[in-house]
Amino acid sequence: MKKIFKLLNAIKLIIQRPALLNLILKDEQFVKAQFERSYPAFQLKEIDLFELWNVQKITITPYAFLSGSSLATDFALLKILCMQYKVEKYFEIGTWRGESAANVAQHVQEVYTLNLPDETLQQMGQSRAYIASHRHFSKDIPNIKHLFGDSATFDFQPFLSQFDLIFIDGDHSTKAVERDTKTALSLRRSEAAIMVWHDAKSDAEYPRFEVLQGIMDGLPKHMHQNVYLVKHTLCAVYVPDEIIYKMIHINEVPSREFKITIEQQ
């Protein structure tokens, strides 16, 4: 009976405050259950970029150690992929401070990065400091081209079928990730192109099913088997070839340790 009363009270609260329904729909357990219903056969496979490509040392620069950024290992992933797969042209959705673009630009010929225009950010009520932070690290790098617009309405026609790696780091809602994933498919130079999604994990271990749902919804079914979470990062990656992976394990005993040297530029 207690459960019935709780359910009735919950329904009453939702009727009184419909916005509460959004909290339920975004609850991670609810989203996980929804994902498992949609893709019951999908396996959460994980690759270890440091083991896979025997990376001993990599330098991340610039790196701001500020809110809203990626992990240093996320930038390491992008750099390693660019080097291992000999990426020439790179496209990303979501510029922010320009750290990812600036790190990748050291290894590729051309970088294109798309972000909302400053005017749109201003209309959204963002502060001057927040707006000024955009492109801070990438604006003066010659091989980086900044594009402006909303990925939901931007005209991608001039950029179709050109890129070897596409990094998706925009709106992380399921529908937006699905849309941006479909866009990324059209930007690929060939079927050998790589796609990377940021915030596919809520931290360096736990999957983020809201984003994973969007990835799976946006990709053709035959590509699902080549989607991997990346250990030590917040990312998921699509690579066209079969690579060594393990099933994801949460809170396992660390298999390696890292040494970090912080040097102010």
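What to note about this one:
- Springs between Cα atoms under 10 Å define the GNM used for the chain, and in it the highest mean-square fluctuation of LYS175, LYS246, LYS89 occurs at LYS246.
- Structure-derived Cα extents along the principal axes in Å - corresponding label in (1) 65, 46, 39; (2) 61, 48, 37; (3) 69, 44, 31: (1)
- The alpha-carbon of LYS221 sits under 17 angstrom from the alpha-carbons of these aspartates and glutamates, leaving out residues fewer than 8 places away in its chain: GLU36, GLU178, ASP180, GLU191, ASP241, GLU242.
- Degrees separating the helix 2-16 axis from the principal Cα axis of the chain, which is the longest one: 70 degrees
- Most mobile of SER151, SER186, SER38 in a GNM of the chain (Cα contacts under 10 Å): SER38
- Mean-square fluctuations from a GNM of the chain, with a 10 angstrom spring cutoff on Cα atoms, peak among ASN251, ASN103, ASN143 at ASN251.
- Cα centroid separation - segment 64-97 against segment 138-186, whole Å: 14 Å
- Rounded to 5, percent antiparallel among DSSP beta bridges of the chain: 30 percent
Throughout, read-outs are computed from the coordinates displayed, never taken from laboratory work. Only a predicted model underlies this, so the values are computations on that prediction, with no experimental measurement involved.
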